[in-house]
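Computed from the coordinates by the stated procedures, all read-outs in this text should not be read as laboratory data. All figures in this text were calculated on a predicted structure; none of them were measured in a lab. Here Cβ is always computed from backbone atoms with ideal geometry, including for glycine, and neighbour counts include all displayed protein chains.
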Amino acid sequence: MPDMPTALLRGLRGICPCCGKARLFAGWLRVAGSCAQCDAPLGRVRADDLPPYVTIFAVGHIVVPGMLVLEKAQTPDLWVHTAIWVPLTIALSLALMRPVKGATIGLMLKLGFGQPDHHA
């Protein structure tokens, strides 16, 4: 397993955090069962709610200040805000979800969450 920054960056890029050679995802957000190159247990890692939480947090910190700055500078009609901020919010959310989930998988693998449970 590589160091933490490497694992996170590989996950962000959508490749195996362990070897950096195979795809991390088998669908848009579905994680592959295991790495085709190094057989890392990618499918054992469950990112659950962290990627959507981080995505909402990041998008909110981009969109809300932009809305406030535009409102203060121009005071546009509500339809202008809707036409700008709703599509931007959707686009940013869709663009960030997969890289954030990949980085989360990389973090969790680095922390040992993909290892088999030997306590049973």
Relative contact order computed over the chain (Cα-Cα under 8 Å; 6+ residues apart), in percent: 39 percent
Cross-link reach list, lysines versus Lys101, counting only Cα pairs under 21 Å and skipping chain neighbours closer than eight places: Lys21, Lys110
Computed [θ] at 222 nm, deg cm²/dmol, the chain (DSSP H ≥ 4; -39,500 (n - 2.57); rounded to nearest 500): -20000 deg cm²/dmol
Cα-Cα separations in the chain greater than 26 Å, expressed as whole percent: 34 percent
Top positive-direction residue, dipole computed over the chain with Cβ charges, set Cys35, Gly106, Ala58: Cys35
Euclidean distance of C-alpha centroids, segment 70-120 and segment 1-66, integer Å: 12 Å
Separation of the Gln115 and Tyr53 label points, Cα + 7 Å toward Cβ, nm: 2.3 nm
Test item: Cα-centred dipole of the chain, Lys/Arg +1 and Asp/Glu -1 on Cβ, debye: 400 debye
